[in-house]
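What follows is a short report on a single structure.
Every number here is computed from the coordinates shown, using simple stated rules; none is lab data. Being a predicted model, the structure only gives us computed values, none of them experimental. A quick note on method: Cβ atoms are made from the backbone with ideal geometry, for glycine too, and the neighbour counts reach across all protein chains shown.
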Amino acid sequence: MSKLMSMAEAITRFVPDSSSVAIGLALEPMIPFAAAHEMIRQQRRDLTLIGPISDILFDQLIGAGCVAKVTFFSCHRARPGTNDSVRGGP
C-alpha cells in the first residue's frame with residue numbers, strides 16, 4: 001500500500017488543531033512553505049511552532065491566527081563549549 005498522499009491529506013491526517021509542529025529544522029534551505037500554507041488554508045488553530053529560527057513562515061502562520069505558542073532555540077547563543085560538545089569536538 002502506497003504511503004504517498006497529497007499535502008492537503010497529510011495536513012488533515014497528521015496536524016490536528018493544538019498540535020506541536022517542528023518547522024524549519026534544516027534552516028533556510030528546506031523551509032516547508034507548502035505544508036505551512038496548507039495549515040493556513042485548513043485554518044488550523046492553537047498550534048505550537050518549534051524551530052531554530054523565527055522566519056517569514058512563522059510570521060505567516062501567526063498572522064493567519066494558527067499559532068498559540070512559539071518555541072525557538074539556537075545553539076549559536078549557547079554557553080561556551082556547547083557547540084563543540086554537540087558536534088563531538090573538544
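General observations
- Amide H partners (placed H, <5 Å) of Ile50, local residues excluded: Val21, Ala22, Ile23, Thr71
- Gain in span if fully extended, Arg45 to Thr12, counting 0.36 nm per residue against the direct Cα distance: 10.6 nm
- For peptides 10-21, 57-68, sequence by mean Cβ density within 10 Å, most packed first: 57-68, 10-21
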